[in-house]
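Notes follow the structure.
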Amino acid sequence: MNVCKLFFLVAIFGNYSLYPAKQWEQFLRANQAFENSDVQLALKEYQEIPDKGPIIFYNIALCYKQLNNPFDALVAFKQAQKQADLKLFNLVTTQIEQLENHFAKPHDTTFMAYAKWCRAIFSLLLVQLVFLSAWWAFLIVLYWVNSTYKKIIQFFLLLLLIVSGSIGACLLYVKHTHKGLIKETASVFVGPDSSFNTLTTLTQADQIQIHSLQDEWYKIQYDNKVGWIQASKVIKID
């Protein structure tokens, strides 16, 4: 059994999703097709499932990888990563790094990798509630509590504020940062039209940050440069 199939089995038996009966049957048919080495049929079945969760995207990516289509595999792995829990997140990240090496592309920065890891573990709402609770508790202890342990309590509450605040900032950054992958070699222009000067040229699998959309042109950022690229050349992944 090759490594790809091993990861596939981990994804199937290590996670369970509450799909409607019809979708669950289709999911099982796709799994069976993959096990029978009918990867094209498995891919078709997975793609036809309406409500795709991280497991579906992960298995779609494995199908593309088996079919020697590394770019579509990379896209699907990244779609799986943004919804994955910690267990699946680690598997997906390993696969993404292998494909980025294949395309000779850089990995996420340390901050972005940490922010995505936080997203796989924490709920933004929960982190916000913890931060607000710690803030009010800190104020109560500061002004109304007289105890020999007051400074110790304040220290731990302050530590909780710092940790929850930093995690919350990471989650907000990931939530409001929109990423895309370049489908094929494309020029980036100074303005939203090909009549503008060319700023740079991007190649397949380059990852960009998307700022806005205007008349079928994305305003993007890549390598600290801001320019415009045709939306048809980009696949949004986050």
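The values are calculated or read from the model by the stated rules, or taken from the named source; none is laboratory data. As the structure is a prediction and not an experimental result, all values here were calculated from the model. Reconstructed Cβ throughout: ideal geometry from the backbone, glycine too, with neighbour counts over all protein chains shown.
Mind telling me which of the residues Leu41, Leu18 ends up being among the hydrophobic types (A, V, I, L, M, F, W, C), surrounded by fewer than 23 Cβ atoms within 10 Å (Cβ to Cβ) and modelled with pLDDT of 90 or more?
Result: Leu41 is the single residue among Leu41, Leu18 that is among the hydrophobic types (A, V, I, L, M, F, W, C), surrounded by fewer than 23 Cβ atoms within 10 Å (Cβ to Cβ) and modelled with pLDDT of 90 or more.
Can you tell me which residues in segment 84-125 are acidic (Asp, Glu), part of a helix (DSSP H, G or I) and either exposed (fewer than 13 other Cβ atoms within 10 Å of the Cβ) or in contact with a helix residue (DSSP H, G or I) (Cβ under 9 Å, 6 or more places away or on another chain) (or both)?
Within segment 84-125, just Glu100 meets the criteria.
Within the bounds of segment 97-113, is there any residue that is farther than 30 Å from Gly165 by Cβ, free of Cβ contacts under 8 Å to residues at least 24 places away in the same chain and hydroxyl-bearing (Ser, Thr, Tyr)? Even if it seems obvious, please write down each step before you answer.
Pass one, segment 97-113, residues farther than 30 Å from Gly165 by Cβ: 98-105.
Then keep just the ones that are free of Cβ contacts under 8 Å to residues at least 24 places away in the same chain; that gives 98, 101, 104.
Imposing the further condition that a residue be hydroxyl-bearing (Ser, Thr, Tyr) reduces the set to none.
No, there is no match, as no residue in segment 97-113 is farther than 30 Å from Gly165 by Cβ, free of Cβ contacts under 8 Å to residues at least 24 places away in the same chain and hydroxyl-bearing (Ser, Thr, Tyr).
Tell me, please, whether a residue that is acidic (Asp, Glu), modelled with pLDDT under 95 and under 21 Å from the mean Cα position of the chain (by Cα) can be found in segment 215-231.
yes
Give just the number: which of (1) surrounded by fewer than 13 Cβ atoms within 10 Å (Cβ to Cβ); (2) touching a Lys or Arg at 6+ places or on another chain (Cβ under 9 Å) does Asn146 not satisfy?
Only one criterion in (1) surrounded by fewer than 13 Cβ atoms within 10 Å (Cβ to Cβ); (2) touching a Lys or Arg at 6+ places or on another chain (Cβ under 9 Å) is unmet by Asn146, namely (2).
Identify the residue in segment 58-83 that is surrounded by fewer than 21 Cβ atoms within 10 Å (Cβ to Cβ) and polar (S, T, N, Q) and, among all such residues, is farthest from Gln98 (Cα to Cα).
Once the filter is applied, the top-ranked residue is Gln83.
Tell me, which residue of segment 162-214 that is of a type in the set (D, E, K, R) and under 24 Å from Phe111 (Cβ atoms) is modelled with the lowest pLDDT?
Here the residue is Lys175.
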